Amino acid sequence: MKIEAIDLLPMPMKRTGFIGGSDAVQIVHGDWIDLWEIKTGKKKPDDLSNNFAVQSGIWNEPFILQTFERQYKVDLCYYQKEYKTNWLGVPLKGTIDAGVANQMSIVEAKETYQYNTMEKQLDRYMPQIQFYLWVSGMTSCYFANKFGNARFECAHISKDGKYIEYLKSEIVRFWSYVTTETCPELGYEDHCDLPEPDTDKILINNKIKRDGSKDNYFTSLAHSYIDSMPMGIKHEEIKKELKTLIAEEERELYCDTLSLRKDKRGAIRIIVTKGEK
């Protein structure tokens with residue numbers, strides 16, 4: 001099915017009366033007051049019709065979906081399909097970019113800048129992805145990203161029950177402020193009913209992440225890896241030992257010093273992070 005870019009241009013949308021996927025991002029990342037003002041009609045949503053980055057993403061969405069379709073050798077369906085439901089009195093609405101034919105999977109397409117990373121994209125958009133999986137009833141999402149004009153990357157994200165339970169709890173809590181027209185006060189984030197889920201345990205490409213910061217052997221070896229960089233043979237020995245520490249079911253093992261990351265083929269890269277985590 002050929003989909004034209006013009007078909008994806010959004011009509012001006014009223015953002016009151018429901019919670020959507022982009023709202024889930026704001027709720028999880030703590031942008032409650034701005035969202036509350038929009039949902040109660042006290043503030044108009046930003047006009048994105050002249051926002052270059054947003055409009056570029058809209059026009060590039062068909063290209064991203066077609067690239068995904070070619071690379072993964074699948075057929076797409078359900079373009080811009082809208083799902084509506086209600087959870088404990090909260091109206092929910094989610095619009096997926098596409099679905100994968102003969103799979104319980106959706107596709108979410110994003111465009112971002114060239115030097116961004118998939119990890120940062122996952123951190124930012126995980127609430128939206130899990131929200132769409134919740135309201136659609138699907139079991140996984142292909143998160144297809146165009147990084148500037150440099151590269152295309154896609155991650156397969158599994159539906160996560162614990163994350164969705166947290167999302168449900170926070171959405172209901174946020175909606176109570178909307179229905180009572182009570183502005184969230186400073187410190188509202190300290191009153192969540194459930195602890196924030198461990199996103200390291202969400203299956204991405206069928207693997208998890210592990211924080212090795214409290215593993216003394218791993219952190220010691222990580223420091224030795226950096227210190228031994230000028231030492232040739234010793235450095236290679238430490239590199240080999242480090243790579244043995246990442247388990248089969250893990251896609252990443254990290255601490256403040258460095259990260260071991262597997263690509264889709266299973267090859268392990270060692271990335272010095274210097275406290276980026």
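Annotations
- Flag for E196 being surrounded by fewer than 16 Cβ atoms within 10 Å (Cβ to Cβ) and closer than 28 Å to A155 by Cβ: yes
- Between L76, L65, the distinction of being of a type outside the set (S, T, Y) and touching a helix residue (DSSP H, G or I) at 6+ places or on another chain (Cβ under 8 Å) belongs to L76 only.
- Region 229-277, residues that are of a type in the set (S, T, N, Q) and touching a residue at least 24 places away in the same chain (Cβ under 8 Å): T257
- Test: residue in region 150-161 that is open to solvent by 50 Å² or more (accessible area, probe 1.4 Å), acidic (D, E) and not in a helix (DSSP H, G or I): yes
- Condition check for C141: out of contact with any Cys (no Cβ under 9 Å at 6 or more places or on another chain) and without any contact (Cβ under 8 Å) to a residue 60 or more places away in the chain: yes
- Matching residues in region 113-131 - criterion: being open to solvent by 20 Å² or more (accessible area, probe 1.4 Å) and either in contact (Cβ under 8 Å) with a residue 24 or more places away in the chain or of a type in the set (F, W, Y) (or both): Y113, Q114, Y115, M118, D123, R124, Y125
- Index of the failed condition, M1 passing every other in (1) within 21 Å of Y142 (Cα to Cα); (2) modelled with pLDDT of 95 or more; (3) open to solvent by 20 Å² or more (accessible area, probe 1.4 Å): (2)
- Residues satisfying the stated conditions in region 74-91, i.e. within 16 Å of G17 (Cα to Cα), in a loop (DSSP other than H, G, I, E, B) and either at pLDDT below 95 or among the aliphatic types (A, V, I, L, M) (or both): L88
- Across region 49-70, the number of residues qualifying as under 18 Å from F143 (Cβ atoms), of a type in the set (S, T, N, Q) and either out of contact with any Lys or Arg (no Cβ under 7 Å at 6 or more places or on another chain) or open to solvent by 40 Å² or more (accessible area, probe 1.4 Å) (or both) comes to 2.
- With respect to the conditions (1) modelled with pLDDT under 95; (2) within 15 Å of the chain's Cα centre (by Cα), D34 falls short on a single one, namely (2).
- Taking region 229-243 as the range and being open to solvent by less than 80 Å² (accessible area, probe 1.4 Å) and aliphatic (A, V, I, L, M) as the test, the residues that pass are I238, L242.
- Breaking point among (1) open to solvent by 50 Å² or more (accessible area, probe 1.4 Å); (2) part of a helix (DSSP H, G or I), for I27: (1)
- Region 160-177 residues that are aromatic (F, W, Y), paired with ones that are assigned to a helix (DSSP H, G or I) (beta carbon under 6 Å, 6 or more apart): Y163/Q130; F174/I27; Y177/W36
- For region 38-72, filtering for residues that are in contact with a Cys (Cβ under 8 Å, 6 or more places away or on another chain) and without any contact (Cβ under 8 Å) to a residue 40 or more places away in the chain leaves 0.
- Matching residues in region 92-142 - criterion: being under 15 Å from V25 (Cα atoms) and in a strand (DSSP E or B): L92, K93, G94, T95, E108, K110
- Residues that are free of Cβ contacts under 8 Å to residues at least 12 places away in the same chain and either of a type in the set (F, W, Y) or open to solvent by less than 90 Å² (accessible area, probe 1.4 Å) (or both) within region 218-228 comprise S220, S228, listed in sequence order.
The values are calculated or read from the model by the stated rules, or taken from the named source; none is laboratory data. The structure presented is a predicted model; accordingly, all values stated were derived computationally and were not measured. Note that we place each Cβ from the backbone using ideal geometry, even for glycine, and neighbour counts take in every protein chain shown. All accessible areas refer to the heavy atoms of the entire protein, side chains included, with ligands and DNA or RNA removed. Shrake-Rupley method; radii C 1.70, N 1.55, O 1.52, S 1.80 Å.
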